[in-house]
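Sharing a structure below in structure tokens format, with a few things to ask.
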Amino acid sequence: MNDFFLATNRSIKVNDIEVCQIQMKDFDTWAMHAEVLKNFIKDQNHSDEILNTLFKAHGVQVISTMACVTDLDHESLVELAADEQRFKDLLKAVLLINQAYFKYEKPKRGIKNKDESTWFDSFQFLVSMGHQHSEIMEMTYGAFQSYVKAANKLYKQGIFNNAVAARVAQSDKKGFESFKKEMVSD
């Protein structure tokens, strides 16, 4: 899905069933079911064979995950599962539209912090970059991830720019004064 699809919280229809992106406000409910699916399908394609195996191994989690992002309840999804192809088409759509969550990324190597980050750290980071809590909770998971990446990029660029300015100020005081005047003028 592209950035605009994520940012505008679009949905798709599969056989007249609406499939939505998961929103951050519902993430806790979603994750307790979807995490099992994510771990099962990591590094695999979404072939019919894989989806059949997934449903046989974790049917309850599949149904519960799908119920979070479709307009069907658990009972309706169980009934739909009798039509294997329609059910797999719907499951593929759920995985595709929420690929920001299901795309498995290997943990980056590096120094681990003594204090592990929490969701509040991510929320606070976005708030410090100008977002409001209420809008963050209405974001889709994909949009949330993209905003965090973009904000992190901007933050790192700011640190780099500050380092360059400090280095210039230290080595060329006259040039730095000229640079400062240029930066504050209209």
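Kindly put 96, 54 in sequence by how many other C-beta atoms sit within 10 Å of each C-beta, fewest to most.
Neighbour counts put them in this order, fewest first: 96, 54.
Would you mind classifying the chain by shape? Square roots of the alpha carbon gyration tensor eigenvalues, ordered a ≥ b ≥ c; an a/c under 1.5 is rounded, otherwise it is prolate if a/b is larger than b/c and oblate if not.
Prolate, because a/c is 1.5 or more and a/b exceeds b/c.
Using DSSP to call loops (not H, G, I, E or B), can you name the GluC sites (Glu not before Pro) in the stretch 8-115 whose Cβ has at most 10 other Cβ atoms within 10 angstrom?
In loop regions of the stretch 8-115 (DSSP not H, G, I, E or B), the sparsely surrounded GluC sites (Glu not before Pro) are 105.
Could you name the aspartates and glutamates in cross-link range of residue 92, using Cα to Cα under 14 Å and dropping any fewer than eight places away on the same chain?
Cα-Cα hits under 14 Å: 18, 48, 49, 84.
Looking only at trypsin sites (Lys or Arg not before Pro) in DSSP loops with at most 16 other Cβ atoms within 10 Å, what is the longest site-free stretch of the chain?
With a cap of 16 other Cβ atoms within 10 Å, the longest stretch comes to 115-186.
Taking 0.36 nm per intervening residue step and subtracting the Cα-Cα distance, what contour gain separates residue 177 from residue 2 on full extension?
Here the segment from residue 177 to residue 2 would lengthen by 58.6 nm.
Could you tell me which GluC sites (Glu not before Pro) in the stretch 113-168 are loop residues by DSSP with no more than 16 other beta carbons within 10 angstrom of their beta carbon?
116
Run the helix sum for the chain: -39,500 (n - 2.57) per DSSP H stretch of 4+ residues, divided by residue count, reported at 222 nm to the nearest 500 deg cm²/dmol.
One gets -21500 deg cm²/dmol as the mean residue ellipticity at 222 nm.
Further question on the same structure: For the stretch 44-91 and the stretch 130-186, write down the distance between their C-alpha centroids in whole Å.
Between the Cα centres of the stretch 44-91 and the stretch 130-186 lies a distance of 44 Å.
Turning to a different aspect of this structure: Determine the sum of side-chain charges near residue 44: Lys and Arg each +1, Asp and Glu each -1, restricted to other residues whose C-beta is under 14 angstrom from that of residue 44.
With Lys, Arg at +1 and Asp, Glu at -1, the net is +1.
Continuing with the same structure: Any chance you could run the full-extension gain for residue 89 through residue 15? It's 0.36 nm times the residue separation minus the Cα-Cα distance, nm to one decimal.
Additional length available on full extension: 25.8 nm.
Where a number appears in this text, it was derived from the coordinates with a stated rule and is not lab data. It should be emphasised that the depicted structure is a prediction, and the values quoted were computed from it without experimental measurement. Glycine also receives a Cβ, built like all others from the backbone with ideal geometry; neighbour counts cover every protein chain displayed.
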